[in-house]
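The values are calculated or read from the model by the stated rules, or taken from the named source; none is laboratory data. A quick note: this is a predicted structure, and the numbers were derived from the prediction, not measured. Cβ sites come from the backbone with ideal geometry, for glycine too, and all protein chains shown count toward neighbours. To get the accessible areas, we keep the full protein, side chains included, count just its heavy atoms, and leave off ligands, DNA and RNA. Shrake-Rupley method; radii C 1.70, N 1.55, O 1.52, S 1.80 Å.
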Amino acid sequence: MASSLLDNCVKYINKYRETGYTDASNSSKEIAESLGIDPIIKEVQVRRKKTVFNENNDQDFSISAEERFKREFFYTLVDTVRESIKERFTQFENHKQLWGFLYNLEKLPPSEHLFGHAVKICMEHSRKGDSADINSVELFSELKHLSSLLPIGKGSPKSALQFIHDMKLVDVFPYTWISLRILLTIPVTVASGERSFSKLKLIKTYLRSSMTDDRLSSLAIFCQLKMI
């Protein structure tokens, strides 16, 4: 759901970049008029760059003040927001591509795609020189059988995991059991980590001079455990 919302947000920003300036300009002019401010973008004197003999020096100096504002401020601001969203939430898209098929076990992808997803999960959780905790072939087979056994409305990861536990089928679906447990314990947000760093910054700047390193570390750990 978070990944879908972010996709819609990026689409909205892309559309706003193309068509939003007019609406933003009209709204700002209305606000300026209501405050008694002249809604005019004033011309700014631009210093001409020295050029070599016979080089054309008329480029970009004939555009209006509003067009310059649109290029140098509006587009720059919107592009910065768009790129920040893409960069910050890339992990959501990676998570969706790797684990997304497990969010509804009643409607699994076709067999060829399902096996590809199982292989990706196996590769993700294997280390160099070590065997993986998940067998892709077995996981593929287990998911196909489990999908036919699940009651209607029990296709979510948590419901499926609870079904396996209640019916004592852990030994029958061991790799599905492992996969669902990993999926359900992946952090959905980094907000708690950011809050802990924020608190640590307060501790270090305000109290750092009057405490030892051991006490500082203990307070940071205690703060993190309290939020968990």
Check whether at least one residue in the stretch 114-130 is farther than 30 Å from Tyr12 by Cα, among the aliphatic types (A, V, I, L, M), open to solvent by 90 Å² or more (accessible area, probe 1.4 Å) and modelled with pLDDT of 90 or more, and report yes or no. no
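State all residues of the stretch 27-74 that are more than 22 Å from Arg17 (Cα to Cα), modelled with pLDDT of 75 or more, open to solvent by less than 100 Å² (accessible area, probe 1.4 Å) and not in a helix (DSSP H, G or I); if no residue qualifies, say none. Step through it out loud before you land on a result.
The first filter runs over the stretch 27-74 and keeps only residues more than 22 Å from Arg17 (Cα to Cα), leaving 32-38, 42-59, 61-62.
Still in the list and also modelled with pLDDT of 75 or more: 32-38.
After this cut, where a residue has to be open to solvent by less than 100 Å² (accessible area, probe 1.4 Å) as well, the list is 32, 34, 36-37.
Across the stretch 27-74, the qualifying residues are Gly36, Ile37.
Open to solvent by 70 Å² or more (accessible area, probe 1.4 Å), in contact (Cβ under 8 Å) with a residue 60 or more places away in the chain and out of contact with any Gly (no Cβ under 8 Å at 6 or more places or on another chain): is that true of Lys86 in this structure? Before the answer, list the steps.
On the way: open to solvent by 70 Å² or more (accessible area, probe 1.4 Å): yes; in contact (Cβ under 8 Å) with a residue 60 or more places away in the chain: yes; out of contact with any Gly (no Cβ under 8 Å at 6 or more places or on another chain): yes.
Here the answer is yes, as Lys86 does meet what is asked.
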Name the pairs: first residue in the stretch 159-173 and closer than 10 Å to Leu146 by Cα and touching a residue at least 40 places away in the same chain (Cβ under 8 Å), second residue open to solvent by 90 Å² or more (accessible area, probe 1.4 Å) and not in a loop (DSSP other than H, G, I, E, B), Cβ to Cβ under 7 Å, at least 6 apart or on different chains? none
Positions within the stretch 151-202 being within 16 Å of Ile134 (Cβ to Cβ), loosely packed, with under 10 Cβ neighbours inside 10 Å and modelled with pLDDT of 90 or more, in sequence order: Asp171
Can you find a residue in the stretch 92-99 that is at pLDDT 85 or above, open to solvent by less than 70 Å² (accessible area, probe 1.4 Å), in a helix (DSSP H, G or I) and closer than 24 Å to Pro187 by Cα? yes
Tell me which residues, restricted to the stretch 75-91, are modelled with pLDDT of 80 or more and of a type outside the set (Phe, Trp, Tyr). Thr76, Leu77, Val78, Asp79, Thr80, Val81, Arg82, Glu83, Ser84, Ile85
